[in-house]
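Quick notes on the structure that follows.
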Amino acid sequence: MTTSAARKPTLYEQLCALPESIRGEIINGQLRTRPRPTGPHALASSRLGSDIEGPYSRGRGGPGGWWIIDEPEIHFIRDREVEVPDIAGWRIEHLPRLPEGHRFEVVPDWVCEVLSPSTKSTDREEKMPVYASFGVAYSWLVDPETHTLEAYALSEGNWLPLGIFRDDDVVRVAPFDSIDIYLADLWI
């Protein structure tokens with residue numbers, strides 16, 4: 001009598017099986033989980049996305065030509081390197097149509113991570129290098145606790161700081177430098 005070993009689910013199958021209350025990603029070959037965002041985190045992400053989406057995605061008071069998406073599942077390597085930034089953006093010429101399903105397999109032009117005490121090191125030390133290695137052109141880090149927005153542009157594989165903005169600064173920074181972003185609106 002032979003017994004067959006039960007097949008262990010893949011990391012992506014484990015990711016898909018997570019409960020609704022848990023966010024998951026596959027970063028550098030490891031499944032990472034965390035609870036849903038706190039109120040200050042969610043507010044900063046929602047308001048920043050809204051500020052950018054109108055002028056850049058809809059062309060209302062800005063140039064249009066972008067898709068701005070909350071929490072997209074980005075497959076840098078299908079089902080093996082899967083990041084979920086708080087907000088991401090694609091120029092329409094790079095992503096002419098949104099995917100039918102939940103997998104975004106085109107590298108975004110911009111990502112934004114809203115930092116939480118439990119995610120700061122992962123976002124900075126693990127996800128930022130992944131974004132650079134796959135050629136994301138711009139990355140922002142927003143910290144509701146310290147009231148800061150850090151903006152970076154990719155240059156020769158490394159992140160070049162574009163600026164650190166604080167508190168109630170009014171910001172114009174690439175790639176969204178044709179609009180004013182009022183940081184005071186992001187904080188509680």
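Structural remarks
- Residue match in the stretch 155-162 (condition: exposed (fewer than 13 other Cβ atoms within 10 Å of the Cβ), in contact with a strand residue (DSSP E or B) (Cβ under 8 Å, 6 or more places away or on another chain), at pLDDT 95 or above and not hydroxyl-bearing (S, T, Y)): yes
- Residue check, I92 more than 17 Å from A44 (Cα to Cα) and either out of contact with any Gly (no Cβ under 9 Å at 6 or more places or on another chain) or not polar (S, T, N, Q) (or both): yes
- Inter-residue pairs, beta-carbon under 7 Å, first under 22 Å from R124 (Cβ atoms) and in the stretch 3-31, second among the basic types (K, R) and in a loop (DSSP other than H, G, I, E, B), 6+ apart: R23/R36; I26/R80
- Check on F176, aromatic (F, W, Y), surrounded by 12 or more Cβ atoms within 10 Å (Cβ to Cβ), within 18 Å of S50 (Cα to Cα) and in contact with a helix residue (DSSP H, G or I) (Cβ under 8 Å, 6 or more places away or on another chain): yes
- Flag if G49 is within 13 Å of the chain's Cα centre (by Cα) and not in a helix (DSSP H, G or I): no
Every residue, every condition in (1) of a type outside the set (F, W, Y); (2) modelled with pLDDT under 95, yes or no:
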residue	(1), (2)
Y56	no, no
G61	yes, yes
H75	yes, no
E81	yes, no
V84	yes, no
W90	no, no
F104	no, no
V107	yes, no
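- Members of the stretch 122-172 that are among the hydroxyl-bearing types (S, T, Y), outside any helix (DSSP H, G or I) and touching a Ser or Thr at 6+ places or on another chain (Cβ under 7 Å): Y152
- Restricting attention to the stretch 63-111, the residues that are touching a residue at least 60 places away in the same chain (Cβ under 8 Å), under 13 Å from the mean Cα position of the chain (by Cα) and farther than 16 Å from V142 by Cβ add up to 2.
- The set of residues in the stretch 133-148 being crowded, with 17+ Cβ neighbours inside 10 Å and within 14 Å of the chain's Cα centre (by Cα) consists of V136, A137, Y138, S139, W140, L141, V142, D143.
- Boolean, P129 is under 22 Å from R78 (Cβ atoms), free of Cβ contacts under 8 Å to residues at least 12 places away in the same chain and over 16 Å from the mean Cα position of the chain (by Cα): no
- Some residue of the stretch 96-103 being hydrophobic (A, V, I, L, M, F, W, C) and buried (at least 20 other Cβ atoms within 10 Å of the Cβ): no
The values are calculated or read from the model by the stated rules, or taken from the named source; none is laboratory data. Fair warning: this is a prediction, and the values are worked out from it, not measured in the lab. In this analysis, Cβ positions are derived from the backbone assuming ideal geometry, glycine residues included, and neighbour counts consider all displayed protein chains.
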